[in-house]
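The values are calculated or read from the model by the stated rules, or taken from the named source; none is laboratory data. It should be emphasised that the depicted structure is a prediction, and the values quoted were computed from it without experimental measurement. Glycine also receives a Cβ, built like all others from the backbone with ideal geometry; neighbour counts cover every protein chain displayed.
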Ligand SMILES: Cc1ncc(COP(=O)(O)O)c(C=O)c1O
């Protein structure tokens, strides 16, 4: 036994380590099918953040608000007011659908977060859009149920379907959004085979990763088809408020009069990802059912109150308006830079909102480009990461323009041109 306190800690550590070595506990053996489907237990390197030795890399990998755009001072003011109010209720569990103040604001079309005003009880708050996706799957998916998703789509939410052992079928994107024809064919095929299509997951405004916005006609037709066939649409409106000039077409939830659609929103992209605050709007039947499957003890009432005050004070509307023009100028800086330096190597359609550009690489393999670009100091993911079936990949890359200033984005074209030239040498 070692007497001095430091020695005692070492002795305890050695004893603990030895007792751990003796066990044969096999974590991998007890993983759920859902965890395995997401790669738990497999040793795979992340292909999102490509390593680089560059001294000043420009990171276009992740869709996050530009740090200078986060309204820190206003949030600090509201945080401090809520904390000094002496109201302990903000610091306690909120088991139900979330704070009524915030749900009332969500239900008021004048704040721009819904187009179909119903009641605050048509809303339920979760841990971001990701929490909404979890609750959708927990409430509606049985193992083997089919969910149609856009191919490509945002893997973060789509993989939740796999975790719940749903079956994903990717539907091709067209310039009008998800292909109506492909959905109609799949619905007919499943009717014949007896397979159950439970849901359609769509990011219909400023799609991640393609930037495409679904046309009004397509929304109407897909909405109607889903309604007639008892298929729930999960409409992911994460980027809807971040249009550059014109608002996107009416959302599918409002078009369907609130039936057969759940509309998902989040403050991650308009305020900050770290707030972890999102919501679902749905029929009272759907929201009741979702409320009953909730077992997370609610999410952060304190944050809900802070965000309510930020919205009610009109600061939110002013902030989002500013962000729209900031992201438009960032998008423009990136597309101008690519047009100037890379027009022989990249083809793209300019998005009208959101965070992403989805260029197609000409004459060079997109995965090879991600590595060569990292060496030149530009980091972004290969387009194959956005498909569940990578064979659908058509040589695209995804560039998130949201997180860098126009001045930084001006530099991207030149760096990428060097990356292309190195590969073509
Ligand atoms: C389309 C889409 N949906 C949902 C999310 C998840 O957002 P949240 O931070 O609200 O969980 C993201 C995040 O990038 C996204 O791009």
Unmet criterion (only one of (1) assigned to a loop (DSSP other than H, G, I, E, B); (2) within 16 Å of the ligand (Cβ to nearest atom); (3) more than 15 Å from residue 287 (Cβ to Cβ)) for residue 130
(1)
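Quick grid of which residues meet (1) buried (at least 21 other Cβ atoms within 10 Å of the Cβ); (2) more than 10 Å from the ligand (Cβ to nearest atom); (3) not in a helix (DSSP H, G or I); (4) not assigned by TED's automatic domain parsing to the domain that holds residue 234:
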| position | (1), (2), (3), (4) |
| --- | --- |
| 117 | no, yes, yes, no |
| 124 | yes, yes, yes, no |
| 134 | no, no, no, no |
| 138 | no, yes, no, no |
| 168 | no, yes, yes, no |
| 171 | yes, yes, yes, no |
In region 223-248, what residues are within 18 Å of residue 183 (Cβ to Cβ) and in contact with a helix residue (DSSP H, G or I) (Cβ under 7 Å, 6 or more places away or on another chain)?
223, 225, 229, 232, 233, 234, 235, 236
If you scan region 218-241, which residues turn out to be assigned to a helix (DSSP H, G or I) and more than 20 Å from residue 150 (Cα to Cα)?
228
Any residue at all in region 85-97 that's at pLDDT 95 or above, in a helix (DSSP H, G or I) and either out of contact with any helix residue (DSSP H, G or I) (no Cβ under 8 Å at 6 or more places or on another chain) or surrounded by 19 or more Cβ atoms within 10 Å (Cβ to Cβ) (or both)?
no
Of the residues 293, 305, which is surrounded by 16 or more Cβ atoms within 10 Å (Cβ to Cβ) and either free of Cβ contacts under 8 Å to residues at least 24 places away in the same chain or out of contact with any strand residue (DSSP E or B) (no Cβ under 9 Å at 6 or more places or on another chain) (or both)?
305
Scanning region 173-196 residue by residue, those outside any strand (DSSP E or B) and at positive phi turn out to be 194
Counting only residues in region 98-115 that are out of contact with any helix residue (DSSP H, G or I) (no Cβ under 7 Å at 6 or more places or on another chain) and assigned to a helix (DSSP H, G or I), the one surrounded by the most Cβ atoms within 10 Å (Cβ to Cβ) is identified as 106
Inspect all residues belonging to region 214-233 and state whether any of them is farther than 19 Å from residue 170 by Cβ and within 15 Å of the ligand (Cβ to nearest atom).
no
Do we have any residue at all in region 180-199 that's in contact (Cβ under 8 Å) with a residue 60 or more places away in the chain and either more than 22 Å from the chain's Cα centre (by Cα) or surrounded by fewer than 22 Cβ atoms within 10 Å (Cβ to Cβ) (or both)?
no
For region 33-84, which positions are surrounded by 13 or more Cβ atoms within 10 Å (Cβ to Cβ), part of a helix (DSSP H, G or I) and away from the ligand (no atom under 16 Å from the Cβ)?
34, 35, 36, 37, 74, 75, 77, 78, 79, 82, 83
Answer yes or no: is there a residue in region 353-361 that is crowded, with 18+ Cβ neighbours inside 10 Å, more than 25 Å from residue 69 (Cα to Cα) and more than 20 Å from the chain's Cα centre (by Cα).
yes
Does region 356-365 include one or more residues that are part of a helix (DSSP H, G or I), in contact with a helix residue (DSSP H, G or I) (Cβ under 6 Å, 6 or more places away or on another chain) and on the phi < 0 side of the Ramachandran plot?
no
